[in-house]
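S.K.: One structure follows; several queries about it will come next.
The values are calculated or read from the model by the stated rules, or taken from the named source; none is laboratory data. The structure presented is a predicted model; accordingly, all values stated were derived computationally and were not measured. Here the Cβ positions follow ideal geometry from the backbone for every residue, glycine too, while neighbour counts run over all protein chains shown.
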Amino acid sequence: MIDIQRLQFEYPRTDFRLRVDRLQVSPGERIAVVGPSGSGKTTLLNLISGIVVPKAGSVEVAGRQVSALSDSKRRDFRAASIGFIFQQFELVEYLSVLENILLPFMINRTLRIDSNVLTRGTELAASMGLQDKLARKIRRLSQGEQQRVAICRALVTEPPLLLADEPTGNLDPRNKGLTIRLLFEFCRRQKATLVVVTHDLGILEGFDRQIDFAQFRPEATP
Amino acid sequence: MTRAFRLAWRYVTYHKFSSLVLVACIVLTLYLPVAVSLVLRQFHHQILARAESTPGLLGALGSRLDLTLDALYFRSDVKREIPFGEVKKIREGGRALAIPLHLKFTARKFPIVGTSLDYFPYRELRLAAGDSMARLGDCVVGSKVASELGIRPGDRLKSDRENDLDIAGNPPLKMRVKGILADSGSADDEAVFVDIKTAWIIQGLGHGHDEVNSQTNENLTLGQQGENTIASAAVASYLEITDDNVRSFHFHGDFAEFPITAILTVPNDPRAANLLEGTYVGNSELQYVIPSLVVSELMAMVLQIKSLFDANALMISIATLMLLGLVILLSLKLRQREMETMFKLGCSRSTIALLQIAELCIIGAIGLLIVSGMIWLTWNFADDLIRALFLRS
C-alpha cells in the first residue's frame with residue numbers, strides 16, 4: 001500500500017531534515033508510528049498524503065507515485081483515497097454533525113453527494129452511536145462524540161488508507177479504547193490500511209507493527 | 001460554486017453577531033451619505049419648486065429666510081406681523097395680485113392659514129370633496145389633514161387654544177369643514193384654510209354674541225354710553241359660527257390695522273415686480289423678498305456644509321473599510337486551522353478562497369439589500385421627512 005524509497009525532505013528556512021531510506025506498508029496492515037516530538041512523524045503523514053512533496057526520493061501510495069502528481073491530482077487523490085483523523089478533531093463548528101461527516105463531499109469537486117453517500121454517512125453515525133445527534137452543532141457534543149464524528153468523516157469516503165495523527169491525544173481512557181477499536185473494526189471490514197502516529201504507548205497493543213521514528217534520525221543542520 | 005455559497009451561508013448564519021456587526025458597518029457607511037444626498041436633493045427640489053412658484057413676499061423686517069419659510073410652509077408660531085392695509089395698497093397700485101397670509105393658530109396641530117379665495121386658483125389647488133368657503137367660520141382642509149384627522153365636509157374642526165393655561169385667552173372657534181382639497185404634494189396638504197376674517201375672529205379681533213341693549217335683557221347690560229351699550233360679563237360670545245348667529249359677528253377696529261403675517265404678491269410683469277420691490281427698499285418696518293433668491297442663498301450654504309459632510313463621510317468610509325479589512329484578516333488568521341483541515345481533506349486553495357469571497361459576498365449582499373430598502377423608504381418618505389424635520393415650526 002505504501003512504499004517510500006530514499007526519501008529526503010526539509011522545511012524551507014528551518015533546520016529540520018527528514019531522511020527515510022525505505023518504508024513499506026502492506027495493504028490492510030495496521031502500523032503505529034512512535035517517536036519523540038519533532039522527529040517528523042506528522043511530516044511523514046503529510047508526505048504520504050501528498051500535502052507536502054519530498055526534496056528527493058519517491059512516495060508511492062496504492063500504486064501511485066504521489067510525489068510525482070500535480071497539486072490538483074494530489075488533492076483529488078487525497079480526497080478519494082485517504083481518510084484523515086486529527087488530534088484536535090478539527091471539526092467545523094458551524095456545521096451540524098451530519099454535515100461534518102459529509103464535509104469531504106462538500107468541499108471537493110470530484111466527490112458528489114448522492115443518496116448512497118447520505119445513507120452511508122447516516123449509517124456511519126448510527127454505528128458510532130450518533131444517530132440522535134445528526135442535526136446537532138459540534139459544540140454541543142462531548143470530546144468523545146466529537147472524535148467519533150471525526151472518525152466518521154474520515155471513513156465516509158471509504159478510503160483504502162487511514163492516517164491518524166494522535167487520534168487519542170485528547171481523549172479519556174474509555175474513549176481512547178473505543179476509538180482504536182472503531183478504527184481497527186473499519187480496517188478489518190474494509191480491508192483498509194491504518195497508519196497511526198502516537199505518543200501514547202498504552203494503545204499500541206493490537207497493531208501489526210510499530211515503527212520507532214527515532215531510527216530515521218532526522219538530522220539538524222550544523 | 002453552490003457548495004461554497006452553502007458553506008459560506010452556514011458560516012454567516014452561525015456567527016450571527018459578528019455578521020450583523022459587519023452588515024451594520026456596511027449599511028451605515030453606505031446609507032448615511034446616500035440618504036443625506038437624497039434628502040438634500042429632495043429638499044432642494046421641493047423648496048425651490050415652491051419658492052419659484054412664489055414671485056414675491058412682503059413681511060415684517062427681520063430674517064428673510066424666516067419670512068420665506070413661514071409664508072411658504074405655514075409655520076404657525078409667527079410673531080412678526082404687518083398691517084392688512086398693505087394688501088389694499090398693493091391692490092390699489094394695480095401692479096400685482098396681493099394675497100394675505102395669516103399664520104398664528106393651529107387646529108389639532110395643523111396650521112390655520114387665514115387667506116383670501118385668490119390663494120386657491122393661484123396655487124392651482126382644487127377641491128376633492130365639498131365646496132369652497134362660503135361664510136365666516138368655514139374652512140377648507142388639505143388632503144393630509146383630512147386623512148389624518150378622518151374628517152369630511154360637514155364635520156366640525158376646532159382651533160387649538162393659544163395657551164392651555166390661559167383660561168382668559170381667546171376661546172377656540174369651532175369651524176365648519178366645507179371642503180377637502182385634492183392632494184397637491186405640497187405644504188398645502190397639511191393646512192387648514194380659512195378666510196382672513198375667520199382668522200381674525202380666532203385671534204379675538206372679531207366676535208359674535210347675543211344682541212345687547214336695554215330692551216332685550218337688562219342683566220346683560222351695565223349701562224348706556226351715548227349710542228354704545230356697555231355689555232356685562234354675562235354676555236357670552238359664540239364659539240361657533242352658524243347660519244343663525246353669523247349676522248351677529250362683527251369686528252372692532254379698522255381692518256387696515258388688523259394683523260397679517262405676510263402678503264404673497266404676484267406682479268403683473270417683471271417691471272411691476274421691480275417697482276414693487278423698489279417700493280419697500282429702505283422701509284423701516286417692512287421688507288420685500290423674492291423667495292427663489294432666498295432659497296438659493298440657503299441652498300448654497302447647505303451645499304457648502306454638505307461638502308464638509310461628504311469629506312467626513314469619505315474619511316469614515318475609508319476608516320470603516322480599513323477596519324473591515326482588519327476584521328477579515330483577523331478572521332482568516334483565526335480560521336487558519338479550519339482552512340488547513342479543509343485543504344488536508346482535499347479542498348483546493350481556490351475553493352477555500354471562494355469560500356471566503358462567498359462569505360463577504362453574502363454579508364455585502366445583505367448589507368446592500370438593507371441599504372436598498374432603507375433608501376427606498378427614504379426616497380418615498382423624503383418629502384414628509386423634510387417637512388417634518390425642517391419646514392414645520
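S.K.: Residues in segment A:141-149: is at least one facing chain B (nearest Cβ under 9 Å) and either in contact with a Leu (Cβ under 6 Å, 6 or more places away or on another chain) or modelled with pLDDT of 85 or more (or both)?
M.R.: To start, the set of residues in segment A:141-149 that are facing chain B (nearest Cβ under 9 Å) comprises none.
No, segment A:141-149 contains no residue that is facing chain B (nearest Cβ under 9 Å) and either in contact with a Leu (Cβ under 6 Å, 6 or more places away or on another chain) or modelled with pLDDT of 85 or more (or both).
S.K.: Looking only at segment B:337-370, count how many residues are buried (at least 21 other Cβ atoms within 10 Å of the Cβ), at negative phi and not in a helix (DSSP H, G or I).
M.R.: Selection size over segment B:337-370: 2.
S.K.: Please work out if residue B:91 is surrounded by fewer than 20 Cβ atoms within 10 Å (Cβ to Cβ) and either in contact (Cβ under 8 Å) with a residue 12 or more places away in the chain or in contact with a Lys or Arg (Cβ under 7 Å, 6 or more places away or on another chain) (or both).
M.R.: For residue B:91, the condition - surrounded by fewer than 20 Cβ atoms within 10 Å (Cβ to Cβ) and either in contact (Cβ under 8 Å) with a residue 12 or more places away in the chain or in contact with a Lys or Arg (Cβ under 7 Å, 6 or more places away or on another chain) (or both) - is not met.
S.K.: Give all pairs with beta carbons closer than 9 Å in which a residue from segment B:330-358 that is at the interface with chain A (Cβ under 7 Å from one of its Cβ atoms) meets a residue that is of a type in the set (Gly, Ala, Ser) and loosely packed, with under 15 Cβ neighbours inside 10 Å; count only pairs at least 6 apart in sequence or on separate chains.
M.R.: Once the first residue is at the interface with chain A (Cβ under 7 Å from one of its Cβ atoms) and sits in segment B:330-358, its partners that are of a type in the set (Gly, Ala, Ser) and loosely packed, with under 15 Cβ neighbours inside 10 Å give B:348/A:72.
S.K.: Another question, then. Filter segment B:235-285 down to the residues that are in contact with a Phe, Trp or Tyr (Cβ under 8 Å, 6 or more places away or on another chain), among the β-branched types (Val, Ile, Thr) and part of a helix (DSSP H, G or I) and list them by number.
M.R.: B:279
S.K.: Now, a different point. From (1) crowded, with 22+ Cβ neighbours inside 10 Å; (2) over 25 Å from residue B:50 (Cα atoms), pick out the condition that doesn't hold for residue B:69.
M.R.: (2)
S.K.: Ok, one more. If a residue must be among the small types (Gly, Ala, Ser), part of a helix (DSSP H, G or I) and at the interface with chain B (Cβ under 9 Å from one of its Cβ atoms), how many such residues does segment A:71-118 contain? Please lay out each step first, then the result.
M.R.: To start, the set of residues in segment A:71-118 that are among the small types (Gly, Ala, Ser) comprises A:72, A:79-81, A:83, A:96, A:115.
Still in the list and also part of a helix (DSSP H, G or I): A:72, A:79-81, A:115.
Now narrow it down to the ones that are at the interface with chain B (Cβ under 9 Å from one of its Cβ atoms): A:72, A:79-80.
Here the count works out to 3.
S.K.: If you don't mind, there's one more thing I want to ask. What is the number of the single condition among (1) over 25 Å from residue A:82 (Cβ atoms); (2) free of Cβ contacts under 8 Å to residues at least 24 places away in the same chain that residue B:383 does not meet?
M.R.: (2)
S.K.: So residue B:163 passes all but one of these: (1) in contact (Cβ under 8 Å) with a residue 12 or more places away in the chain; (2) not in a helix (DSSP H, G or I). Which condition number does it fail?
M.R.: The single condition residue B:163 does not satisfy is (1).
S.K.: What helices (runs of 4 or more DSSP H) lie completely within segment B:1-79 and have 2 or more residues being of a type in the set (Ser, Thr, Tyr) and over 30 Å from residue B:354 (Cβ atoms)? Spell out how you get there, then give the answer.
M.R.: Numbers: elements: B:2-14, B:16-52, B:64-73.
Once the helices (runs of 4 or more DSSP H) in segment B:1-79 are filtered for at least 2 residues that are of a type in the set (Ser, Thr, Tyr) and over 30 Å from residue B:354 (Cβ atoms), what remains is B:64-73.
S.K.: Also, I was wondering about something else. Read through the list (1) in a loop (DSSP other than H, G, I, E, B); (2) more than 14 Å from chain B (Cβ to nearest Cβ); (3) under 24 Å from residue B:11 (Cβ atoms), then give the number of the only condition that residue A:121 fails.
M.R.: (1)
S.K.: Okay, next question. Collect the residues in segment B:94-147 that are of a type in the set (Gly, Ala, Ser), part of a loop (DSSP other than H, G, I, E, B), surrounded by fewer than 22 Cβ atoms within 10 Å (Cβ to Cβ) and touching a strand residue (DSSP E or B) at 6+ places or on another chain (Cβ under 8 Å), keeping them in residue-number order.
M.R.: Scanning segment B:94-147 gives B:116, B:132, B:134.
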